[in-house]
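Student: Before anything else, here's the structure in question.
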Amino acid sequence: MKVIKAVFGIVLVIVVVFLGNSKLGILPPVAKFLDPYHGFWQNSEFVIQESEDSFQLNGIRANSKVVFDERGVPHIFASNDHDLYFIQGYLTAKDRLWQMEFQTHAAAGRLCEIVGEKALGFDLEQRRIGMLWAAENALELIYKDSASLSALNAYANGVNYFISNLSNENLPLEYKLLDYEPEKWTILKSALLLKYMAKMLNGNERDRPNTEALKLLGPEIFNQLFPDQNYLTNPVVPDFAPDTALGKGLNLENVMTDGNWDMPEIQPHFVGSNNWAVSGSRTESGSAILCNDPHLGLSLPSIWYEIQLNSPNVNCYGVSLPGSPGITIGFNDSIAWGVTNAGRDVKDYYAMDFVDYSEGTYRMGDETLKAEKRIEEIKIRGGKTVIDTVLYSALGPVAYTDKKKRQYLALRWLAHDPSNELLTFHMLNRAKNFNDYEEALSYYQCPGQNFAYADAKNNIAIWQQGKFKVMPKDYGRFIQDGSDASHLEEKFIPQAHNPHMLNPERGFVSSANQPPTDSTYPYYYSGVFEEFRNRTINNFLRKDSSVSIQDMMDLQLSNYNLLAAEALPLMLKLLDTTKFQYPENERRALNELLEWNYNNSPELIAPTVFEIWWDELNNILWDEFNSSDWDADKYYLYSWEQLIKDGKAKVDMRDTRYVYPMSKVTINLLKNEPNHIVFDHGSTNNSVEVAKDVVYDSFYWTAMKFGDIIKYKYNRPHWGFYQGTQVKHLARLDAFSSKKLAVGGSQHAPNATTSTHGPSWRMIVEMNSEGPKAWGVLPGGQSGNPGSKTYTTSLNSWASGKYHELNFLKSSDSIEESWRVQTFKPIKE
Amino acid sequence: MNLLIRIVLIAVLSAVTQTYFPWWSAVIVALVIEIALGKNNSTSFFSGFYGVAIPWMVLAIYIDNKSESILSIRILELFQLPQFRVVMIVLTGLIGGLVGGLGSVVGGWIKDAFLRSDGK
């Protein structure tokens, strides 16, 4: 009996040890995680840290010094480039390993290996759009360039040195929580990271919604609602007209509009950025100033890793992407550069005519071709491996398929082509003048960016660089016929014909995701462009002929909402106050708007009313595009539930097959064509509505909702609270995210902050001849560890519009007392 | 007195083993000490419980003070527990205590089966 009990006991111990070591559902392994010797406790960073002054690093060739300033920004002083990138890799991994690996797993479609089956849809899509293939193609070119290859290899070795010396207790927190371990870093992962950025920044494809909208509206109304965008003023480069022959246009009648394409939801155009450079002739100090604030999805750990890189060949400061060597946005002694997204469409979809999909045979022109098969193995944590076969046609991978309807869409994405963007940044880090900048850009292909430039000799420039196809009018806007072999004949716009200017007379250059050119530009392009921020920025820079650093900060932080300034007076003029049904609510909402200065400041109430009204107006006006669930009677109820649930009164009942027309189109209709057929509600058969009706109906809902916000939301209808910007942890864990921040802003204001997106780095650089002076701030901090004080060091400064003066060090001796200095020594054999 | 000696021995030895081995080495220490020194089974749970819970809590308190609770509060928020630092420390001690206690109880059973043949 006692023996049985003892045996049972031993089994029990084994079972408990096993359970205490295993992930149970969403819970981490309980005992392993709580164990204070190895578990999460070990990730708590002590507030006062003791660290060794010198440190052996197996893999570097000579002694290097690293200075950590008060925010934990490393300033690496290495005696050669190899050691420089080795240490960059090592230190970045130390602060950001989990983020680096998670993002590249996501890029490669390998999230299922970490989180299990729930990521299968995501992983499958990543494989089918050819993310890994694109990264492999990029590697082919990288292998041919020794400079970028050796930087990548040194960086990877630094990361791997950190991983191989990682003890259980030092494993980053997220690995402990999700219970897995890091794998070896490779240069393929660095290439994947750039494709991950390309996907994020090329998300503005409209091929399917345009095709659907054309089918719904017919060519005439379609062209009116979705016009080409070069009619807008203030392009990045005005009057840019290189000599070239024009291609023929497509006939919209011939666009294939049959088929309902099963594609993912359309990304709303939140992603944007500002950059500008002002010539010394228009600055207080007489030196050129460059500013950049890239707006991305706000996340923790911060998207960027701030760093200074110094070796005999380079001395550069700025922000890097964790996972990629070098600096992406920054400055050196001679030049400063910053980027914004070009927003041009570089993804084309073709409906392929498969003879036999399982065989991979398809028709193109007079021929029958055979697609290559690529087998994708998706390993699933706690499940069986899924095998997916992706067909690669001459026009790219077949990304979306509906076998029942025999519909197959191939994706031709310029990010698939071999390219080495890394070399561009490698050269920009070292650039001395405009010629170096021009040469660096020649290697840049995708995702297309506007590179602003300023140098210490008072030159300023901007260049929209990327690989762009030469296309006839309307090409690439719709799903096209993949059986037409002429699609294979591709020509690309030469770099010299990409929009650019050096030292323009007006004394400044700028970009804010607007169209790159006006109608003088001979090449056709389409894309998704912003229509308001650029004008606010240009108006400011034109008016002020002697700008100071403070002016530049004020402009980056400006909440001036030009959309509101243009739309609201029209809406108020059309609003018929005699129709008011609940004057208490309606008057209250109206009064808020009457005295407004069009600033989306966090402490104001008017922006809340306006933003709700603008949303409601669009939802009611564009009911043509709303989903069949859209029910005018339940409309209000639905949004109210949302308001209770997450504090956001936004209604989004739109059918995701469509995208609403750009705001400028809506404003033009309100202004010039108040009787246009689009104002008529689809749900009312007996009456014909005009602009006035849409304006009143939307105002009515706005006023009612606003009344409820006042009544139930503890009297906090102020824009900052209502918008509630949150910087979310990469794995969407609230506990590791920021609280809701009352920062204000609008996607149409220079401070382009929404509830989820915003300036991921604000930088201002003054290119003095005796050395640059710079200011910057991140919505987060250096460390990626939620158990570190520097995880969110700068978050409050960012939210309240403060900047840090950046410590661009001349040498490792010019430091302040409170900073840490570490010497890294090679291990002698 | 014997219980106190066992608690101290488990605490010290498990602290040593856990610097080299995972958390479950503490369970083995509790089990072995109980086999070696356990008198009767009425106190066997407590030797492992306190022997593991106390050092786990002491270390947790030390880390929590030095790091100003930055992470313990986030972990409590993550698992939707009341956000007081003492909760995380007690929870850590409790889990350590339970696995340690299990080790010592089973140690007692093994001793009963194979070493206390006199049937006491």
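Student: I'm checking my understanding of the structure. Among residues of the range B:63-113 that are free of Cβ contacts under 8 Å to residues at least 40 places away in the same chain and among the acidic types (Asp, Glu), which one is farthest from the other protein chains (Cβ to nearest Cβ)?
Tutor: Out of the qualifying residues, it is B:Asp64.
Student: Given the options A:Asp95, A:Asp35, name the one that is away from every other protein chain (no Cβ under 14 Å) and acidic (Asp, Glu).
Tutor: So the residue among A:Asp95, A:Asp35 that is away from every other protein chain (no Cβ under 14 Å) and acidic (Asp, Glu) is A:Asp95.
Student: Moving on to the next point. Considering the range B:34-52 alone, what residues qualify as being part of a helix (DSSP H, G or I) and either among the aromatic types (Phe, Trp, Tyr) or surrounded by fewer than 24 Cβ atoms within 10 Å (Cβ to Cβ) (or both)?
Tutor: Correct list: B:Ile35, B:Ala36, B:Leu37, B:Phe45, B:Phe46, B:Phe49, B:Tyr50.
Student: For the range A:505-550, which residues satisfy the criterion of being of a type in the set (D, E, K, R) and within 26 Å of the chain's Cα centre (by Cα)? Spell out how you get there, then give the answer.
Tutor: To start, the set of residues in the range A:505-550 that are of a type in the set (D, E, K, R) comprises A:505-506, A:518, A:530-531, A:533, A:535, A:542-544.
Residues satisfying the conditions are A:Asp518, A:Glu530, A:Glu531, A:Arg533, A:Arg535.
Student: Another question, if that's okay. Considering only the range A:396-454, state which residues are basic (Lys, Arg) and either assigned to a helix (DSSP H, G or I) or under 22 Å from the mean Cα position of the chain (by Cα) (or both). Outline the logic, then answer.
Tutor: First, the residues of the range A:396-454 that are basic (Lys, Arg): A:403-406, A:412, A:430, A:432.
The answer is A:Arg412, A:Arg430.
Student: Condition first: within 14 Å of chain B (Cβ to nearest Cβ) and either within 19 Å of the chain's Cα centre (by Cα) or in a strand (DSSP E or B) (or both). Now tell me which residues in the range A:729-756 satisfy that.
Tutor: The answer is A:His729, A:Ala731, A:Arg732, A:Ser737, A:Ser738.
Student: Then there's this: Going by the structure shown, is B:Ser42 farther than 19 Å from A:Gly787 by Cβ, more than 7 Å from chain A (Cβ to nearest Cβ) and within 14 Å of the chain's Cα centre (by Cα)?
Tutor: no
Student: Return a yes/no flag: does the range A:139-162 have any residue that is without any contact (Cβ under 8 Å) to a residue 60 or more places away in the chain, in a loop (DSSP other than H, G, I, E, B) and within 14 Å of chain B (Cβ to nearest Cβ).
Tutor: no
Student: Moving on to the next point. Any residue in the range A:43-70 that is more than 16 Å from A:Asp81 (Cβ to Cβ) sitting within a Cβ distance under 8 Å of a residue that is among the aromatic types (Phe, Trp, Tyr) and modelled with pLDDT of 90 or more? List the pairs, counting only those 6 or more apart or interchain.
Tutor: A:Ser54/A:Phe824; A:Phe55/A:Phe824; A:Gln56/A:Phe824; A:Asn58/A:Tyr161; A:Val67/A:Phe77
Student: Out of A:Ser79, A:Ser64, report the one residue that is away from chain B (no Cβ under 14 Å) and surrounded by fewer than 17 Cβ atoms within 10 Å (Cβ to Cβ).
Tutor: That would be A:Ser79, the only listed residue that is away from chain B (no Cβ under 14 Å) and surrounded by fewer than 17 Cβ atoms within 10 Å (Cβ to Cβ).
Student: Something else now. Might you check whether a residue that is over 17 Å from the mean Cα position of the chain (by Cα), at pLDDT 95 or above and in a loop (DSSP other than H, G, I, E, B) occurs anywhere in the range A:757-770?
Tutor: Checked against the condition, which is being over 17 Å from the mean Cα position of the chain (by Cα), at pLDDT 95 or above and in a loop (DSSP other than H, G, I, E, B), the range A:757-770 yields at least one hit.
Student: Right, next: Sort out which residues of the range A:709-727 are in contact with a Leu (Cβ under 7 Å, 6 or more places away or on another chain) and not in a loop (DSSP other than H, G, I, E, B), and write them in order of number.
Tutor: Once the filter is applied, which keeps residues that are in contact with a Leu (Cβ under 7 Å, 6 or more places away or on another chain) and not in a loop (DSSP other than H, G, I, E, B), the range A:709-727 yields A:Trp719, A:Thr725.
Student: Exactly one condition in (1) touching a residue at least 24 places away in the same chain (Cβ under 8 Å); (2) at the interface with another protein chain (Cβ under 9 Å from one of its Cβ atoms) is not met by B:Leu37; state its number.
Tutor: It fails just one condition, (2).
Student: Find all pairs meeting these conditions: Cβ atoms under 8 angstrom apart; at least six residues apart or on different chains; first residue within the range A:1-16 and within 7 Å of another protein chain (Cβ to nearest Cβ) and surrounded by 12 or more Cβ atoms within 10 Å (Cβ to Cβ); second residue among the acidic types (Asp, Glu) and part of a helix (DSSP H, G or I).
Tutor: Filtered contacts from the range A:1-16: A:Lys2/B:Asp112; A:Lys5/B:Asp112; A:Ala6/B:Asp112.
Student: Let me ask another. In this structure, is A:Ile48 among the β-branched types (Val, Ile, Thr) and more than 10 Å from chain B (Cβ to nearest Cβ)?
Tutor: So A:Ile48 does not fit the description; no.
Student: OK, next. Which members of the range B:53-64 meet the condition of being crowded, with 22+ Cβ neighbours inside 10 Å and more than 14 Å from B:Arg85 (Cα to Cα)?
Tutor: B:Ala53, B:Pro55, B:Trp56
Student: Still on this model: Condition test on A:Tyr196, is it out of contact with any Pro (no Cβ under 7 Å at 6 or more places or on another chain), among the hydroxyl-bearing types (Ser, Thr, Tyr), away from every other protein chain (no Cβ under 14 Å) and outside any loop (DSSP other than H, G, I, E, B)?
Tutor: On the way: out of contact with any Pro (no Cβ under 7 Å at 6 or more places or on another chain): yes; among the hydroxyl-bearing types (Ser, Thr, Tyr): yes; away from every other protein chain (no Cβ under 14 Å): yes; outside any loop (DSSP other than H, G, I, E, B): yes.
So A:Tyr196 passes the test.
Student: Somewhere in the range A:593-600, is a residue in contact (Cβ under 8 Å) with a residue 24 or more places away in the chain and part of a helix (DSSP H, G or I)?
Tutor: Yes, some residue in the range A:593-600 is in contact (Cβ under 8 Å) with a residue 24 or more places away in the chain and part of a helix (DSSP H, G or I).
Student: Quick check, is A:Tyr700 more than 30 Å from A:Leu177 (Cα to Cα), touching a residue at least 40 places away in the same chain (Cβ under 8 Å) and touching a Gly at 6+ places or on another chain (Cβ under 9 Å)?
Tutor: When the stated conditions are applied, A:Tyr700 does not pass them.
Student: So for the range A:771-788 (the condition being under 17 Å from the mean Cα position of the chain (by Cα), closer than 30 Å to A:Trp614 by Cα, more than 14 Å from chain B (Cβ to nearest Cβ) and touching a residue at least 24 places away in the same chain (Cβ under 8 Å)), does at least one residue qualify? Don't jump to the end; show me each part of the working.
Tutor: Restricting attention to the range A:771-788, the residues satisfying the condition of being under 17 Å from the mean Cα position of the chain (by Cα) are A:778-780.
Right, trim to closer than 30 Å to A:Trp614 by Cα and you get A:779.
Filter once more, keeping what is more than 14 Å from chain B (Cβ to nearest Cβ): A:779.
Then drop every residue that is not touching a residue at least 24 places away in the same chain (Cβ under 8 Å), which leaves A:779.
Yes, the range A:771-788 contains a residue that is under 17 Å from the mean Cα position of the chain (by Cα), closer than 30 Å to A:Trp614 by Cα, more than 14 Å from chain B (Cβ to nearest Cβ) and touching a residue at least 24 places away in the same chain (Cβ under 8 Å).
Student: Out of everything in the range A:209-242 that is closer than 15 Å to A:Arg477 by Cα and touching a Lys or Arg at 6+ places or on another chain (Cβ under 7 Å), what residue ends up being surrounded by the most Cβ atoms within 10 Å (Cβ to Cβ)?
Tutor: Among them, the one singled out is A:Asn210.
Student: Turning to a different aspect of this structure: Could you identify the single residue in A:Gln445, A:Gln514 that is in contact with a helix residue (DSSP H, G or I) (Cβ under 7 Å, 6 or more places away or on another chain), farther than 28 Å from A:Glu766 by Cα and modelled with pLDDT of 90 or more?
Tutor: A:Gln445
Student: Among the listed residues A:Ala496, A:Ala564, identify the single one that is small (Gly, Ala, Ser) and either in a strand (DSSP E or B) or crowded, with 22+ Cβ neighbours inside 10 Å (or both).
Tutor: Within the list A:Ala496, A:Ala564, the selection yields A:Ala564.
Student: Is it true that A:Asp576 is within 20 Å of A:Lys671 (Cβ to Cβ) and either of a type in the set (D, E, K, R) or without any contact (Cβ under 8 Å) to a residue 60 or more places away in the chain (or both)?
Tutor: When the stated conditions are applied, A:Asp576 passes them.
The values are calculated or read from the model by the stated rules, or taken from the named source; none is laboratory data. Please read all numbers here as calculations on a predicted model, not as lab measurements. Note that each Cβ is placed from the backbone with ideal geometry, even for glycine, and that neighbours are counted across all protein chains shown.
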